[in-house]
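Undergrad: I'd like to ask you about the structure that follows.
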Amino acid sequence: MTDTRISAFPEANRSYKSRLFEMIYSEKEELLELYNAIHETHYDNPEQLEINTLKNAIYMSMHNDVSFIIDSQLQLYEHQSTVNPNIPLRALMYITDLYSVLTKDENLYGEKRIELPTPEFITFYNGIDTVPDSEVIKLSDAYTVDNGAPSLELKMTVLNINPGNNQELKKKCKTLNDYAIYTSLVREYAKNIPLREAVERAISECIEKDILAKFLTKNKAEAIKVSIYEYDEEKHMRQEREYNMKKGEIKGIEKSNALILKLSELGRTDDIIKAAAHPEYQQELFDEFGL
């Protein structure tokens, strides 16, 4: 369905779907190093790893940067620069499509159980909001009724890879550490100089200091384009979130003022004081007056 909302901010150019994280970890060697670092394993043959990312799985901004199978384990990795509580729902949509592809030649109505690779969902976060080193976001957090034992669950582990976070993990995976350093440099330089200049400066500095040097040297032009796109998208999403929060605050003030006026007209000054001290009572009054 087409979104017809009018935003106060211009839309970022979303036609370019590749992401820097996805580009870096399209290489099996780098992906295997990351997997080993997370799971403290010692796989040494990149060919044991089968990348099966769905390139056209774009629906309502649902996108997975990389998915792969190793030793019957299905790993789904994603990078995020903004906090998003809907990641488990997006992951559910994605893995449904992925399992459909993996089982397309199987008889789903037969007597034999179809074996599925065991999934694990990990998001690597490097935005500007403060989040824990590691947290688990569950699909059931979004359920309107908590029955204590949801029939359908999906758990997404979010790892904060900003400088100063998850240091042990990044020590074990140089590429992940380098990626975190590079993106933080772009963000820092962009505060004071034009974005393209900030990206080019960060790339030159990283190559000089052996930070993602091989990747950035080989893919410099594309890395510049992707970095600009990602930073613009992050900025747009942050501005839109701040705008919506501001709209919510204004709407809340307008509701409160309308309630005060109605109560004043009815001479219910005691209710005005009680509502100011007790939010739940204020909500009862909102309901009473249809506000």
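Only the coordinates and a few stated rules stand behind these numbers; no lab work does. Given the structure is predicted, the values throughout are model-derived calculations rather than measurements. Quick reminder, even Gly has a Cβ in these numbers, built from the backbone with ideal geometry, and neighbours come from all protein chains shown.
Undergrad: Assigning unit charges at the beta carbon (Lys, Arg +1; Asp, Glu -1) and nothing else, what dipole magnitude in debye, to the nearest 20, does the range 60-130 show about its Cα centre?
TA: Numbers: 4 positive and 10 negative charges, 28 e Å.
Here the size comes out at about 140 debye.
Undergrad: Given a Förster distance of 41 Å, report the FRET efficiency between GLU40 and ALA221 from their Cβ-Cβ distance, rounded to the nearest 0.05.
TA: Step by step, r from the Cβ atoms, then E = 0.65.
Undergrad: Can you work out the Karplus-derived ³J(HN,Hα) for every residue in the range 217-229? Use 6.51 cos²θ - 1.76 cosθ + 1.60 with θ = phi - 60°, whole Hz, and x for glycine or proline.
TA: Residue by residue, the range 217-229 yields 5, 6, 10, 4, 4, 5, 4, 4, 4, 5, 5, 5, 4 Hz.
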